[in-house]
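Peer 1: First the structure, then my questions, so here it is.
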Amino acid sequence: MELDVQAWAREQFQSCELGDSRRTARAVTMAAQFAANPSGSTPEQTERWSDCKAAYRLFDCEDVTFSGLATPHWQQTKARTSGHYLLLGDTTVVSFDGDRDISGMGIVSSGSAKGYLLHSSLLVTADSSHQIVGLAGQTIHYRQRVAKNEPIRQRRKRPRESEIWGQVIDQVGPPTENIRWTHVFDRGGDNFEVYCHLLLNRSEVSPGTFGPSNRRFCSKARSSRSLPNA
């Protein structure tokens, strides 16, 4: 099966709200170029210098955000009419090694590398084929250094890395009628806050996600019909 990159790019990006129709048109063109050569660098993907500069200008525009570009795809992914689907949640470390000084990046290791954490929820069918539908939600977290003597009150106020699990669950939202969501996490999602987000969004979780302490809460919820069995 060969992908029609032009048709795919229009389907995924022509409804992006980037503050200017010309930016949206450039996003569509750029997406088609990237899809045609996904392993290439930006100059290799765009081929012409004018297209390369246009891509960099789009990246540099304050009105062009990650959410603005990706939201149409997330919405299309979740627009199911019936069926049972798995939502595979995991975090990817995006690292920029070397001496490049990139503003706004967070720490990703004990060394000098900078980057960010990208937490994603991949929607696949729950049948034996596990067909990939698309990404249902994503969020970015920039990990910051914390002082060893940080006061507890200050620690509780700052964003915590563990919150990204609940943020993406909320972003995916509850299933519509005739749809069944089952979230699948590794041990990174084993905390009581994650369970609360699942409960509020009427979503299930894979039985192996939670450890013994949080599993007890899940069992009580299922017995009271608050959370269906996964």
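Peer 1: Before we move on, is Ser162 of a type in the set (Gly, Ala, Ser), over 18 Å from the mean Cα position of the chain (by Cα) and either at pLDDT below 90 or surrounded by fewer than 17 Cβ atoms within 10 Å (Cβ to Cβ) (or both)?
Peer 2: no
Peer 1: Within the range 1-49, track down each residue that is of a type in the set (A, V, I, L, M) and part of a helix (DSSP H, G or I).
Peer 2: Once the filter is applied, which keeps residues that are of a type in the set (A, V, I, L, M) and part of a helix (DSSP H, G or I), the range 1-49 yields Val5, Ala7, Ala9, Ala25, Ala27, Val28, Met30, Ala31, Ala32, Ala35, Ala36.
Peer 1: For residues that are among the aromatic types (Phe, Trp, Tyr) and assigned to a strand (DSSP E or B), tally how many sit in the range 124-147.
Peer 2: Residues in the range 124-147 being among the aromatic types (Phe, Trp, Tyr) and assigned to a strand (DSSP E or B): 0 in total.
Residue-wise test of (1) at pLDDT 90 or above; (2) crowded, with 20+ Cβ neighbours inside 10 Å; (3) out of contact with any Asp or Glu (no Cβ under 6 Å at 6 or more places or on another chain); (4) closer than 25 Å to Arg80 by Cα.
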residue: Glu177; (1), (2), (3), (4): yes, no, yes, yes
residue: Glu193; (1), (2), (3), (4): yes, no, yes, no
residue: Pro207; (1), (2), (3), (4): no, no, yes, yes
residue: Phe210; (1), (2), (3), (4): no, yes, no, no
residue: Arg215; (1), (2), (3), (4): no, no, yes, no
residue: Leu227; (1), (2), (3), (4): no, yes, yes, yes
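Peer 1: Being in contact (Cβ under 8 Å) with a residue 40 or more places away in the chain and in contact with a Leu (Cβ under 6 Å, 6 or more places away or on another chain) is the filter here; which residues of the range 88-109 pass it?
Peer 2: Leu88, Thr91 - these are the residues of the range 88-109 that are in contact (Cβ under 8 Å) with a residue 40 or more places away in the chain and in contact with a Leu (Cβ under 6 Å, 6 or more places away or on another chain).
Peer 1: Which one of these is in the same structural domain as Val146 (by TED's automatic domain parsing) and either at negative phi or over 21 Å from the mean Cα position of the chain (by Cα) (or both): Gly19, Gly106, Gly134?
Peer 2: When all the criteria are applied, what remains is Gly106.
Peer 1: So Ser95 ticks every box in (1) among the small types (Gly, Ala, Ser); (2) within 26 Å of Leu122 (Cα to Cα); (3) in a helix (DSSP H, G or I) but one. Which box is left unticked?
Peer 2: Result: Ser95 passes all but (3).
Peer 1: Determine whether the range 115-123 contains at least one residue that is surrounded by fewer than 16 Cβ atoms within 10 Å (Cβ to Cβ), at pLDDT 95 or above and in a strand (DSSP E or B). First the steps, then the outcome.
Peer 2: Pass one, the range 115-123, residues surrounded by fewer than 16 Cβ atoms within 10 Å (Cβ to Cβ): none.
Within the range 115-123, not a single residue is surrounded by fewer than 16 Cβ atoms within 10 Å (Cβ to Cβ), at pLDDT 95 or above and in a strand (DSSP E or B).
Residue-wise test of (1) assigned by TED's automatic domain parsing to the domain that holds Leu200; (2) touching a residue at least 12 places away in the same chain (Cβ under 8 Å); (3) loosely packed, with under 12 Cβ neighbours inside 10 Å; (4) hydrophobic (A, V, I, L, M, F, W, C).
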| position | (1), (2), (3), (4) |
| --- | --- |
| Arg145 | yes, yes, yes, no |
| Arg155 | yes, no, yes, no |
| Gly166 | yes, yes, no, no |
| Trp181 | yes, yes, no, yes |
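Peer 1: While we're looking at this one, here's another question. Quick check on the range 39-70: of everything there that is buried (at least 17 other Cβ atoms within 10 Å of the Cβ) and β-branched (Val, Ile, Thr), which residue is farthest from Gly134 (Cα to Cα)?
Peer 2: Top of the filtered list is Thr46.
Peer 1: The conditions are (1) of a type outside the set (S, T, N, Q); (2) more than 19 Å from Gln138 (Cα to Cα); (3) in the same structural domain as Cys16 (by TED's automatic domain parsing), and His84 fails exactly one of them. Which is it?
Peer 2: Result: His84 fails condition (3) only.
Peer 1: List the number of the failed condition for Phe96; all other conditions in (1) surrounded by 12 or more Cβ atoms within 10 Å (Cβ to Cβ); (2) more than 20 Å from Gly134 (Cα to Cα); (3) modelled with pLDDT of 95 or more; (4) out of contact with any helix residue (DSSP H, G or I) (no Cβ under 8 Å at 6 or more places or on another chain) hold.
Peer 2: Only one criterion in (1) surrounded by 12 or more Cβ atoms within 10 Å (Cβ to Cβ); (2) more than 20 Å from Gly134 (Cα to Cα); (3) modelled with pLDDT of 95 or more; (4) out of contact with any helix residue (DSSP H, G or I) (no Cβ under 8 Å at 6 or more places or on another chain) is unmet by Phe96, namely (3).
The values are calculated or read from the model by the stated rules, or taken from the named source; none is laboratory data. Everything quoted here is computed from the prediction, not taken from an experiment. Cβ sites come from the backbone with ideal geometry, for glycine too, and all protein chains shown count toward neighbours.
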